[in-house]
Each structure stands twice: as C-alpha cells, then as structure tokens.
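Participant: Let me begin by handing over the structure; questions about it come next.
The values are calculated or read from the model by the stated rules, or taken from the named source; none is laboratory data. Quick caveat: nothing in here was measured; it's all calculated off a predicted structure. Glycine gets a Cβ as well: all are built from the backbone with ideal geometry, and neighbour counts include every protein chain shown.
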Amino acid sequence: MSHKRPAVILLSGGLDSSTVLAIAQRDGYELNALSFNYGQRHNHEIEAARRIAIHYGVVRHEIATIDLRVFGGSALTSDIAVPKGRDLKDASAVPVTYVPARNTIFLSYALAFAEVANSHDIFIGVNALDYSGYPDCRPEYILAFERMANLATRLGTEGEPINIRTPLINLSKAEIIALGTSLGVDYSITTSCYDPSATGQACGECDACQLRLAGFSGAGVADPITYAPNPVRA
C-alpha cells in the first residue's frame with residue numbers, strides 16, 4: 001500500500017495538465033487522474049490522456065463520460081466552426097471555444113473522486129496569463145470553488161481542508177514549457193489542438209495551437225508534435 005499523499009489531477013491530454021501531473025509526481029503525491037469524454041469534437045485528447053497516465057504510472061485513471069453536446073453553445077460541443085488565425089493579443093470577448101461551465105463540471109467530478117480517494121489535493125492546469133479568455137481560469141474563480149468544496153463535502157468538513165492546486169496559474173506558456181522540460185515531460189505524447197485532422201495532426205491555427213506554438217518559441221524549445229503545413233505563428 002502506498003503511503004504517499006493521494007492527489008486527483010485533472011488530465012486533459014494537453015501540455016498544461018501533463019506538466020501539472022509531473023509537478024504532482026515531483027512533489028511526492030500518489031497520482032490519481034481524471035479525464036473526460038464530454039462530447040468534444042475529437043477523441044485524440046482522450047487517447048493522449050491515456051498515454052500520459054501510463055507514462056507516469058498513474059495509480060488510478062478514470063475517464064468520465066458526460067454529454068455536454070446536449071447543451072451545445074461551444075465550438076467544441078456543437079457544429080460551430082473553430083476560429084482560426086485569431087489575433088489573441090486583441091482578444092477581449094470570451095471566444096466560442098469556451099465550453100459553458102466546463103471547469104465547474106470537471107472540478108465537481110474531481111471533488112467526488114477526491115472524497116473516494118481520501119484526497120485533500122485536486123490539481124488543475126488552469127492559467128491566467130497565456131489563455132483564451134475563459135472566465136473559469138481566473139484565480140478568483142478557483143478560490144470561490146475551493147470555498148464551496150470545503151462547505152459541500154464530508155472530507156472538507158471533517159478536519160483537513162480540500163485544496164484546489166493551480167501550480168501554473170501565474171506562469172506564461174513559455175514558462176510552463178520550460179518547467180515541464182526541466183521535469184522531463186514528454187510533450188510529444190500531448191495534444192492541444194481544438195480541430196485536429198483525422199490522424200491527430202494539429203491545425204496550427206486555432207487559439208490552442210497558437211498559444212502552444214508561441215510558448216515553445218518563447219521557451220526556445222522545439223515543439224515535438226506534428227502540425228499541418230504552414231501553421232500560424234502567434
């Protein structure tokens with residue numbers, strides 16, 4: 001039996017959540033990962049999450065199936081086109097790739113998993129610097145959810161509080177990649193693209209690809225994944 005402190009890590013298959021998983025491993029946690037098949041445009045990220053969980057020897061990896069397509073309202077859960085080549089420096093409105101209440105839903109599942117795993121630590125790779133403008137990536141949101149978590153659960157009301165850990169929240173994408181590289185993260189098995197090809201090749205033009213490309217460029221590290229020809233360089 002492991003004597004490590006258990007943690008639940010939200011694992012999307014992307015570079016941020018992979019870096020968070022590596023941080024939790026470095027800090028000596030027992031790794032329990034939670035991914036979601038929520039009706040998103042493609043399953044490449046689920047496949048990536050499985051690869052990453054195996055790579056890190058995750059103790060328990062759950063893939064929850066929920067259907068956010070019943071609500072739609074996002075380019076990731078409906079037939080709305082994914083924006084390409086957007087100028088992220090001038091982006092002010094919340095983009096159509098925002099999935100309504102997604103992080104609240106994901107964290108609620110993670111909270112249930114944490115109670116079962118007797119974990120007081122939930123890790124999520126939200127970032128408030130290099131991101132697309134999603135309201136559920138902000139520090140004030142995380143603090144509010146953490147307060148709710150400690151009011152709403154047996155685990156939170158019987159002693160040690162539940163912590164929503166966000167080790168990347170104040171880092172730029174380049175800083176995240178530099179940190180992950182120092183921890184030996186294999187970014188070749190991650191995926192970030194909102195609209196990849198059938199074979200998983202990244203488009204290079206959506207918000208997620210632009211942020212990823214700019215991050216690797218800023219970190220002075222080559223991005224090991226495959227892109228479609230002539231991706232937009234943010």
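Participant: Taking the criterion of being out of contact with any Asp or Glu (no Cβ under 8 Å at 6 or more places or on another chain), of a type in the set (A, V, I, L, M, F, W, C), within 21 Å of Ser182 (Cα to Cα) and at pLDDT 95 or above, would at least one residue in segment 28-38 satisfy it?
Facilitator: Yes; the residues of segment 28-38 include at least one that is out of contact with any Asp or Glu (no Cβ under 8 Å at 6 or more places or on another chain), of a type in the set (A, V, I, L, M, F, W, C), within 21 Å of Ser182 (Cα to Cα) and at pLDDT 95 or above.
Participant: Something else: Might you let me know whether segment 148-159 holds any residue that is without any contact (Cβ under 8 Å) to a residue 60 or more places away in the chain and under 19 Å from Ala24 (Cα atoms)?
Facilitator: Quick first cut of segment 148-159, residues without any contact (Cβ under 8 Å) to a residue 60 or more places away in the chain only: 148-159.
Subsequent filtering for residues that are under 19 Å from Ala24 (Cα atoms) retains none.
Checked segment 148-159: no residue is without any contact (Cβ under 8 Å) to a residue 60 or more places away in the chain and under 19 Å from Ala24 (Cα atoms).
Participant: Can you report the number of residues in segment 102-123 which are in contact (Cβ under 8 Å) with a residue 24 or more places away in the chain and assigned to a helix (DSSP H, G or I)?
Facilitator: Going through segment 102-123 one residue at a time, the tally reaches 13.
Participant: Of Thr190, Thr181, which residue is in contact with a Leu (Cβ under 8 Å, 6 or more places away or on another chain) and not basic (Lys, Arg)?
Facilitator: Thr190
Participant: Output the number of residues of segment 90-101 satisfying the condition of being over 16 Å from Tyr38 (Cβ atoms) and touching a residue at least 12 places away in the same chain (Cβ under 8 Å).
Facilitator: Of the residues in segment 90-101, 6 are over 16 Å from Tyr38 (Cβ atoms) and touching a residue at least 12 places away in the same chain (Cβ under 8 Å).
Participant: Of all residues in segment 110-135, which are polar (S, T, N, Q) and either crowded, with 21+ Cβ neighbours inside 10 Å or in contact with an Asp or Glu (Cβ under 7 Å, 6 or more places away or on another chain) (or both)?
Facilitator: Ser119, Asn127, Ser132, listed by residue number.
Participant: Looking at (1) more than 30 Å from Thr157 (Cβ to Cβ); (2) in contact with a helix residue (DSSP H, G or I) (Cβ under 7 Å, 6 or more places away or on another chain), can you tell me which one Asn103 breaks?
Facilitator: Condition (1) is where Asn103 drops out.
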